[in-house]
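Data first, discussion second: the structure below is written as structure tokens.
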Amino acid sequence: MKVTDHIKNAKGETLFSFEIIPPVKGRSIQELYNNIDPLMEFKPPFIDVTTSREEFVYIDRDGLLDKKLTRMRPGTLGICASITHKYNVDTVPHVLCGGFTREETEYLLVDCHYLGIDNVMALRGDAMKEEKYFAPTSGGHKYASDLVGQIQELNKGNYLHEVIETDNCADFCIGVAGYPEKHMEAPSLKSDLKRLKQKVELGADYVVTQMFFDNQKFFEFVDEARKIGIDVPIIPGIKPIAVKRHLQLLPQVFRVDIPEDLIEAVESCKNNKEVRQIGVEWCIQQSKELKDAGVPVLHYYSMGKSDNIKAIAKAVF
């Protein structure tokens, strides 16, 4: 079922969903199940599964370093199929511009269609670790809006190199990212919202936001989006702070602000166990306020761990 249909069927009730990361290759999928199991009592209608782009590794060959491209977390589509089979829940694979050609994207989408996957999250993706700025893959898309366009064309039966007349066209529900504090590369929030509107006009069906820690920024973001005609569901993405290092890491990587009250509370903690509890308490209050405001879904970035997400969900749902 499509994410938008889950939202419609909820009839105003706020749904619970979360996002997981595929295990590093060589690790057991059971580790992933162990973190999903405790969250299934909250009946998530869908689970997002991230996609990792390629990265360079250096292999020592008789004293010479050989530089090779690899993916440390392959298998997004396999993980989606496994989760659907095990839990009977819809999955949302992330589809990236970075690291994929248009042809590879088409193959991935065709496989999603074969597996009965109804939803995809269309993202540009990050720059490679060795790159200061994002550079599109040769033969790939530069912007998420281009990726949305390709998915919508495939929904119409328009493949890259042929048009296929069929009664079994794909009909993907397309999610895209929104940034309450603007994308790090955008010159302003206003220009970033224009980009978001373009993605919606090209066929995006719903928006999931980047993490934020100040609900007021989310509410203002939604208000501004509605003013310029973005009328699709906007889902807040939430992440609880879990370790003291997050005070530096999250603003650096995701360009998000952390409220002073939260900073002070985390800095006063003696250890990361206390930090984790502060993160849970802050996220519970944040979630309750968002739920009271009638958001369609509360979407949690679990990062492969579930104990803190479970504690939050127990208090909110």
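Just a few scattered comments:
- Here the condition is being assigned to a loop (DSSP other than H, G, I, E, B), in contact with a Gly (Cβ under 9 Å, 6 or more places away or on another chain) and either at pLDDT below 95 or more than 30 Å from CYS283 (Cβ to Cβ) (or both); of ALA186, ALA204, ALA170, it holds for ALA170 alone.
- Where a residue in region 108-130 is on the phi > 0 side of the Ramachandran plot and its partner, wherever it lies, is part of a loop (DSSP other than H, G, I, E, B) and among the charged types (D, E, K, R), with Cβ under 8 Å and at least six apart: GLY125/ARG53
Conditions tested, residue by residue: (1) touching a strand residue (DSSP E or B) at 6+ places or on another chain (Cβ under 9 Å); (2) surrounded by fewer than 16 Cβ atoms within 10 Å (Cβ to Cβ); (3) charged (D, E, K, R); (4) not in a loop (DSSP other than H, G, I, E, B).
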{"residue": "LEU247", "(1), (2), (3), (4)": "no, no, no, yes"}
{"residue": "PRO251", "(1), (2), (3), (4)": "no, yes, no, yes"}
{"residue": "CYS269", "(1), (2), (3), (4)": "no, no, no, no"}
{"residue": "VAL275", "(1), (2), (3), (4)": "no, no, no, yes"}
{"residue": "GLY279", "(1), (2), (3), (4)": "no, no, no, yes"}
{"residue": "GLN285", "(1), (2), (3), (4)": "no, yes, no, yes"}
{"residue": "LEU290", "(1), (2), (3), (4)": "yes, no, no, yes"}
{"residue": "TYR300", "(1), (2), (3), (4)": "yes, no, no, yes"}
{"residue": "ALA315", "(1), (2), (3), (4)": "no, yes, no, yes"}
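- Any hit, region 141-148, residues being hydroxyl-bearing (Ser, Thr, Tyr) and surrounded by 15 or more Cβ atoms within 10 Å (Cβ to Cβ): yes
- Scope region 235-252; condition under 20 Å from PHE16 (Cα atoms) and without any contact (Cβ under 8 Å) to a residue 60 or more places away in the chain; matching residues: ILE241
- Scanning region 302-312 for residues that are part of a helix (DSSP H, G or I), of a type outside the set (A, V, I, L, M) and out of contact with any Pro (no Cβ under 7 Å at 6 or more places or on another chain) returns a single hit, ASP307.
- Output for region 6-30, where each listed residue is touching a residue at least 40 places away in the same chain (Cβ under 8 Å) and not in a loop (DSSP other than H, G, I, E, B): HIS6, ILE7, ALA10, LEU15, PHE16, SER17, PHE18, GLU19, ILE20, ILE29
- As a summary of the residue check, MET1 satisfies the conditions (1) under 17 Å from HIS85 (Cα atoms); (2) at pLDDT below 95; (3) assigned to a loop (DSSP other than H, G, I, E, B) except for the one numbered (2).
- Selected residue (only one of THR91, THR84 is modelled with pLDDT of 95 or more, buried (at least 21 other Cβ atoms within 10 Å of the Cβ) and of a type in the set (Ser, Thr, Tyr)): THR91
The values are calculated or read from the model by the stated rules, or taken from the named source; none is laboratory data. This one's a predicted model, so the numbers in the text were calculated from it and none came from an experiment. In this analysis, Cβ positions are derived from the backbone assuming ideal geometry, glycine residues included, and neighbour counts consider all displayed protein chains.
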